[in-house]
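Chemist: This structure is in structure tokens; I'll ask about it shortly.
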Amino acid sequence: MRLLWLFIVLPIVEIALFIQVGGLIGVWATLGLVVLAAVLGVAVIRSQGTQAWMQAQRSLAELRDPSRPLAHGMMQILAGALLIVPGFLTDMVALLLLIPPVRDLIMRRAVRRMGVRTVQMNTARRETYRPPYADGVIDADYVVEDVPPARNARPPLDLPEDLGDDPARRGNSGWTRH
């Protein structure tokens, strides 16, 4: 329900701000600010998004918790998207999201509202365990089927052309010894 009110109230506020700002600085200057904010938003998404991704990868490589760099990166990308959306209120929110102390404050508030859950997975254990390929033995089941080759059968696509027409070598793909 709150999201519905956001979609109803936000456009009304943005239109009112367009009218006020357009009356103060003029239509062309207002449109110029909107275009400039959109260009800035694209630049923010391109630069900060890749930088945040590299910081998260660095955290993972150093075996540290990547949640802080990921959260900051997501907020920076959100700020870029809000800058692209035409409107002055969304631009103000985006500019606030670009300030690191504001992002830290939002993260602290969000952490208070989140609950941590753990998930455990139990796997069925076999009673006997033998590592694969122990002593060079592979345990397998097979079935021998005596199926006559079909007449005018096309050779498999991975066979060389010179082997496809030779009935004596058709069954030997070269992957096994016969």
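The values are calculated or read from the model by the stated rules, or taken from the named source; none is laboratory data. Just so you know, these numbers come straight off a predicted model, no measurement behind them. Reconstructed Cβ throughout: ideal geometry from the backbone, glycine too, with neighbour counts over all protein chains shown.
Chemist: Taking the stretch 26-50 as the region of interest, how many residues are modelled with pLDDT under 85 and surrounded by fewer than 16 Cβ atoms within 10 Å (Cβ to Cβ)?
Modeler: The total comes to 2.
Chemist: Count, please, the residues in the stretch 55-107 that happen to be closer than 26 Å to Glu14 by Cβ, out of contact with any helix residue (DSSP H, G or I) (no Cβ under 9 Å at 6 or more places or on another chain) and not in a helix (DSSP H, G or I).
Modeler: 1
Chemist: A further question follows. Does at least one position in the stretch 69-77 carry a residue that is closer than 17 Å to Leu95 by Cβ and more than 17 Å from the chain's Cα centre (by Cα)?
Modeler: Checked the stretch 69-77: no residue is closer than 17 Å to Leu95 by Cβ and more than 17 Å from the chain's Cα centre (by Cα).
Chemist: Note down all Cβ pairs under 6 Å where the first residue falls in the stretch 10-37 and is under 24 Å from Leu78 (Cβ atoms), the second is outside any helix (DSSP H, G or I) and of a type in the set (Gly, Ala, Ser), and they're at least six residues apart or on different chains.
Modeler: Final answer for the pair search is Glu14/Gly87.
Chemist: Given (1) part of a loop (DSSP other than H, G, I, E, B); (2) modelled with pLDDT under 85, where does Val111 come up short, assuming only one miss?
Modeler: Single failed check for Val111: (1).
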